[in-house]
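Structure record follows, encoded as structure tokens.
The values are calculated or read from the model by the stated rules, or taken from the named source; none is laboratory data. Because the structure is a prediction, the values reported are computed rather than measured. Cβ coordinates were reconstructed from backbone atoms using ideal geometry, including for glycine residues, and neighbour counts include every protein chain displayed.
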Amino acid sequence: MAYLGISGMQYSGEALSDARILLAEDSNLFTSMIRTKLKELFGIEVEICRTFEDLQIAYDQSDEPIKLAISNINLPGAENGEALQYLVDLSIPTIVFTGTFHEAMRDQLLAKDVVDYILKDNVFAVDMLAESICRFLTNHRHHVLIVDDSPTARALLSSRLKRYNFRVSLAESGAKALEILKANADIGLMITDYNMPDIDGFELTRRIRATIGSHRLRIIGVSSSTDRLLSARFLKAGGNDFMLRPFIDEEFYCRVNQNLDTLLQIQTMQRQRAVA
């Protein structure tokens, strides 16, 4: 078991070396650091593209699918962000690794549905990048259930989670959520709206906690309400976390990660106790 990045996420040694990853970066320092880090941690041989032309050639000359791209915003031959747009247009999941950043750029990146963005502004940048890559490549092991009576809200949450490579199930009611949980013991995280017509989020959480503890299922409540007591009531009902809509993308993903990291840590401790 290895612990990655500054968050201490667990990496249990899943085979990642077969994942084809492109690195669109012209800095010799960062290409060397990233290549070494990914090789040491995951056995991944990253393909380096130092120019926009290199990137196009890498895509055109191989039929092997690209699992993930890491891209600077500007490359030689693509000084105005054309390389990133090229990857987005090809629907290749992309993590942006950049030294240039401001609020307007953040909004532009999120509008392109990039997987993540990492800033080259501190000594932990490459470690944070490695963690983000590992999360994307291993998130498929996590099954997340979204419970919301609004089709629009379900679709929005689903698209966010699938962008990060999670497996997702959808329930339009509390009753349907209970059915799905019963049929899918591998679901480790549930994100549920509070205000639903059949069973509200509080009651749904109480019913689930009667049979499924936090060591098997983490529950995040969400609401558009301005009632600040909702979070306390939800946590007292057995929830693990609570968020108000509209979400900030970075906070949403961090909270999902933290809950799943906690779940994995609990399960690891349980296995260790069983062996001892």
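Summary table below
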item: Candidates ALA104, ALA58, ALA78 - the one that is in contact with a helix residue (DSSP H, G or I) (Cβ under 8 Å, 6 or more places away or on another chain) and small (Gly, Ala, Ser); result: ALA78
item: Qualifying position, being of a type in the set (Lys, Arg) and outside the structural domain of THR268 (by TED's automatic domain parsing), among LYS182, LYS162, LYS176, LYS112; result: LYS112
item: Residue within the range 234-241 that is surrounded by fewer than 17 Cβ atoms within 10 Å (Cβ to Cβ) and either in contact with a helix residue (DSSP H, G or I) (Cβ under 8 Å, 6 or more places away or on another chain) or without any contact (Cβ under 8 Å) to a residue 24 or more places away in the chain (or both) present; result: yes
item: Hey, LEU264 farther than 16 Å from GLY201 by Cβ and surrounded by 13 or more Cβ atoms within 10 Å (Cβ to Cβ) or not; result: yes
item: Residue within the range 89-101 that is polar (S, T, N, Q), out of contact with any Cys (no Cβ under 9 Å at 6 or more places or on another chain), in contact (Cβ under 8 Å) with a residue 12 or more places away in the chain and not in a loop (DSSP other than H, G, I, E, B) present; result: yes
item: Qualifying position, being aliphatic (A, V, I, L, M), outside any helix (DSSP H, G or I), in contact (Cβ under 8 Å) with a residue 40 or more places away in the chain and touching a His at 6+ places or on another chain (Cβ under 9 Å), among LEU189, LEU145; result: LEU189
item: Scan of the range 246-260 for residues that are out of contact with any Gly (no Cβ under 8 Å at 6 or more places or on another chain) and either over 30 Å from ASP113 (Cβ atoms) or assigned to a helix (DSSP H, G or I) (or both), ordered by number; result: ASP249, GLU250, GLU251, PHE252, TYR253, CYS254, ARG255, VAL256, ASN257, GLN258, ASN259
item: Scan of the range 192-220 for residues that are crowded, with 18+ Cβ neighbours inside 10 Å and among the polar types (S, T, N, Q), ordered by number; result: THR192, THR205
item: Qualifying residue in the range 127-134 (condition: outside any helix (DSSP H, G or I) and over 30 Å from ILE199 (Cβ atoms)); result: no
item: Number of the condition not met by GLU250 [criteria: (1) over 24 Å from MET9 (Cα atoms); (2) of a type in the set (Asp, Glu); (3) surrounded by 12 or more Cβ atoms within 10 Å (Cβ to Cβ)]; result: (1)
item: Some residue of the range 23-31 being touching a residue at least 60 places away in the same chain (Cβ under 8 Å) and in contact with a Cys (Cβ under 6 Å, 6 or more places away or on another chain); result: yes
item: Only one of LEU181, LEU204, LEU235, LEU263 that is in a helix (DSSP H, G or I), in contact with a Ser or Thr (Cβ under 7 Å, 6 or more places away or on another chain) and at pLDDT 90 or above; result: LEU204
